[in-house]
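Here is the structure we will look at, set down as structure tokens.
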Amino acid sequence: MESMGKKKPRRPRRSFTPESKAEIVGLCRRGDRSVGQVAKDFELTETAVRDWVKQAFLHARRRDCRPNHSSGWKSFHVSKDLH
């Protein structure tokens, strides 16, 4: 049985530097284009770009969490702009 359409050959897996991921995340955060549009512009999947945005958020959140020296790591400060 013949298939209806021909599948495109699979593209080799690409790797991205942290700097290129940061650039793409920055474009998403600017807000003038949707995540889907940024993904399309760079020929990426929307899921991959959303994962990078989420990872960047979590990384920033971890970086902004600091121990409260009076009580150690039991309580910590989270930057207000992340809430």
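Extension gain, Arg63-Asp41: 0.36 nm per intervening residue step, less the Cα-Cα distance, totals 4.9 nm.
For the peptides 6-12, 53-59, the ranking by packing is 53-59, 6-12, with the highest mean count of neighbouring Cβ atoms within 10 Å listed first.
Counting only protein heavy atoms and using a 1.4 Å probe, what share of the accessible area of region 4-43 belongs to carbon plus sulfur, as a whole percent? Carbon and sulfur together cover 53 percent of it.
The values are calculated or read from the model by the stated rules, or taken from the named source; none is laboratory data. Keep in mind it's a predicted model, so treat the numbers as computed, not measured. When we count neighbours, we look across all protein chains shown, and the Cβ atoms used for this are built from the backbone with ideal geometry, even at glycine. Areas reflect the complete protein model, heavy atoms only, side chains present, ligands, DNA and RNA absent. Shrake-Rupley method; radii C 1.70, N 1.55, O 1.52, S 1.80 Å.
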